[in-house]
Amino acid sequence: MRQAMFVLCLFAVIFLSYAMAEEPVPSVSPTPEATVSGEPTPEPTPTPKPPLQPGEKADGLALKLNGPFHFKVVEGEIIDPVNIDFRFDVTGENKELKLNTNPYAVFKVEAIDEDKHEALKVKDPLPTDGTEFTLTLTEGSYFGARLKALDKYFDFSAGGRFWVRASYTLGEKTATSDWAPVDIYSRTVVRIETREGGFVVLMRDDKAPMTCANFVKLASNGFYEHLIFHRIESRPGFKLIQGGCPHGDGSGDAGYKIDFETNDLKHEAGSIAMGLSPGDKNSAGSQFYICVEAVPSLDNQYCVFGKVIEGMETIKRIGAVAIGDSPTRPRVPVEMSKVTVEYWK
C-alpha cells in the first residue's frame with residue numbers, strides 16, 4: 001500500500017512539472033518590440049551638439065577670451081553691451097601682428113546657442129572700418145583689447161547660455177581661442193550642496209542689489225565653501241538656520257560691513273536674509289540665515305535678499321538636526337560642501 005501511494009505521488013509531481021513547463025506564466029508583461037505594422041520602433045536620433053574644440057596657437061601666439069561673461073536681461077533688453085575682452089599672449093620669438101583699431105576687421109568671431117546646438121548667424125554685417133596698425137609683441141608680453149557690442153551683430157535675445165570664440169590669422173596659421181561661455185540671464189541663483197542635500201537660492205537683486213552683489217561675490221570667490229550652519233533655531237514661530245561665519249561660532253564676518261537695504265520682502269518660508277550685530281543695521285557682512293518657516297516678527301528688521309526656489313526639503317532637514325550642549329548649536333554641524341553661482345534665463 002505504501003509503495004502504491006509513493007508511485008501515485010511521484011506520478012503527480014512529474015505531471016505537474018510537465019504541465020508548468022508547457023505553459024509558463026510571465027511575472028512581468030513583456031515590452032513590445034515592434035509597432036502595429038510589425039516594424040521595430042526606431043530610437044530617436046539625438047540632436048548633435050557642436051564640438052567645442054580647444055583653441056590653437058599660431059607659432060607661439062595664443063588668443064584668449066577672458067570669460068566667462070555674464071549680461072543681464074530686463075524685460076527683454078540687455079542692460080549692458082555684450083563686450084568681450086580678449087588678449088594675445090606670446091611665447092617664443094617676437095610676433096609682428098597686423099591689427100586694426102576695430103577688432104572685427106581682423107578677427108573672425110563665432111557664436112553658438114547651447115540650447116539649440118547651432119551657430120548664430122550674423123544679423124548685421126560686422127564692421128570692417130578702422131585704422132590699421134602694426135604691433136610687435138616680445139616673448140612673455142601680451143596685448144589686450146575688447147570686442148564691443150557683440151549683441152549688435154549676433155542675436156542673443158532668446159537668453160540662456162551661448163559660446164563664443166575668436167580667431168586671428170598670422171601668416172599661414174591661425175590662432176583660435178577656446179570657446180568662452182556667455183550668459184544672457186534674467187535670474188542669478190546660488191546653489192549650495194550639503195550632506196543633507198542641495199538647495200538653490202534666487203537672488204532678488206531687484207529688491208536688494210548691493211546685498212545680492214555682496215553675497216554673489218563671496219559665493220563666487222569660494223568664501224562660503226566648507227563653512228557650517230552654526231545656529232539652528234527651532235522655537236515655535238521662530239525656525240531658521242544660520243551660517244556664513246568663518247569662525248563657525250557666529251563671531252566672524254568677511255572683514256568688512258555693508259550698508260542696510262530696505263525693501264518690502266517678507267520673512268516667508270525659504271527667505272534668506274543677512275545677519276546683523278545687535279543694534280547695528282549697517283553690520284551685515286557674510287553671515288546669513290534662511291527661514292525654515294515664516295518668521296514675520298523679523299520683517300523690516302533685517303534685509304531679505306532672496307528665497308529658496310529648489311530644495312526646501314533640505315532646509316527642513318538641516319533645521320531638524322540634533323542639537324548639542326548649546327540650545328542652538330548643532331551636535332554635528334552641517335557644512336556647505338560646494339557653493340556655486342549660476343545664471344538662469
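We did not get these values from a lab; they are worked out from the coordinates using the rules stated. The structure presented is a predicted model; accordingly, all values stated were derived computationally and were not measured. For neighbour counting, all protein chains shown are included, and Cβ atoms are generated from backbone atoms with ideal geometry for every residue, glycine included.
Observations on the model:
- Normalised by the number of residues in the range 118-234, the mean separation of alpha-carbon contacts (under 8 Å, six or more apart) gives a relative contact order of 15 percent.
- Were the residues from residue 221 through residue 122 laid out at 0.36 nm apart, the gain over their Cα-Cα distance would be 32.1 nm.
- Calculated FRET efficiency for the pair residue 79/residue 328, C-beta based, R₀ 45 Å, to 0.05: 0.65
- Segment residue 210-residue 264, extension gain: residue separation times 0.36 nm, minus the distance between their alpha carbons: 17.9 nm
- The chain: radius of gyration over Cα atoms, expressed as a fraction of 2.2 N^0.38 Å: 1.54
- Full extension of the chain between residue 300 and residue 338 yields a length gain of 10.6 nm, computed as 0.36 nm times the residue separation minus the alpha carbon distance.
- Simple label model, 7 Å out from Cα along Cβ direction - residue 134 to residue 257, nm: 6.0 nm
- Two-decimal Rg to Rh for the range 106-186 - Kirkwood Rh, Cα set: 1.01
- Mean separation of Cα contacts under 8 Å, 6 or more apart, over the residue count of the range 231-283: relative contact order %: 24 percent
- The relative contact order of the range 183-284 comes to 17 percent, based on Cα pairs under 8 Å that sit 6 or more residues apart.
- Near residue 328: Cβ cut-off under 14 Å, other residues only, Lys/Arg at +1 and Asp/Glu at -1. The net charge is +2.
- For the range 164-236, a Kirkwood radius taken over Cα pairs fed into Stokes-Einstein (37 °C, viscosity 0.692 mPa s) yields D = 201 µm²/s.
- Förster radius 51 Å - calculated FRET efficiency between residue 277 and residue 313 (Cβ-Cβ, nearest 0.05): 0.95
- Histogram of C-alpha separations across the range 247-345, 5 Å bin width, %: 2, 11, 18, 22, 23, 17, 5, 1, 0, 0
- Volume per residue for the range 75-149 equals 130 cubic angstrom (convex hull of Cα atoms).
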